[in-house]
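J.: Quick one: the structure is below, questions incoming.
Where a number appears in this text, it was derived from the coordinates with a stated rule and is not lab data. All values derive from a computational prediction rather than experimental measurement. For neighbour counting, all protein chains shown are included, and Cβ atoms are generated from backbone atoms with ideal geometry for every residue, glycine included.
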Amino acid sequence: MSLPAVIQHLQVLEASGLVSSTKAGRVRTCRLDLDALDRAQSWFQARRADWNQRLDRLGEYLGEAQGTAATEHRAASTERQAQSGKRRVANTEHNATTRKIDRRNDYA
């Protein structure tokens, strides 16, 4: 990291109040402001707690929505299977009847 980049980062930290610096000749001394750092940490923890609650609620909502969608999907799938089964039975009955007619024609 170049010296200008370091100085730019330090300026941002100074502007936020997290760092204070003094310059004596060619030496720049930087100090962390622990009170400001504690306040920042408290703020981060509060935001983290807020987002964790929001994401937990979103997860619960999506889980419920997915459960509802899965139930609806299973119901639709069961209905399709039932309809398919009815068609299969109808086709089997039709085929059996057709075979009976064909057998009668063979003997006629």
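J.: Suppose each label sits 7 Å from its Cα in the direction of the beta carbon; what would the K23-R80 distance come out to in nanometres?
T.: About 7.2 nm separates the two model spin labels.
J.: Right, here's the next one. Counting other Cβ atoms within 10 Å, which trypsin sites (Lys or Arg not before Pro) in the range 1-45 have at most 16 and lie in a DSSP loop?
T.: Of the trypsin sites (Lys or Arg not before Pro), the ones in loops of the range 1-45 whose Cβ has at most 16 other Cβ atoms within 10 Å are R26.
J.: Using 1/(1 + (r/R0)^6) with R0 = 41 angstrom and r between the beta carbons of D33 and D56, what's the FRET efficiency to the nearest 0.05?
T.: My answer for the efficiency is 0.75.
J.: Grab the beta carbon distance between Q41 and V6, set R0 = 22 Å, and tell me the FRET efficiency rounded to 0.05.
T.: That gives a FRET efficiency of 0.40.
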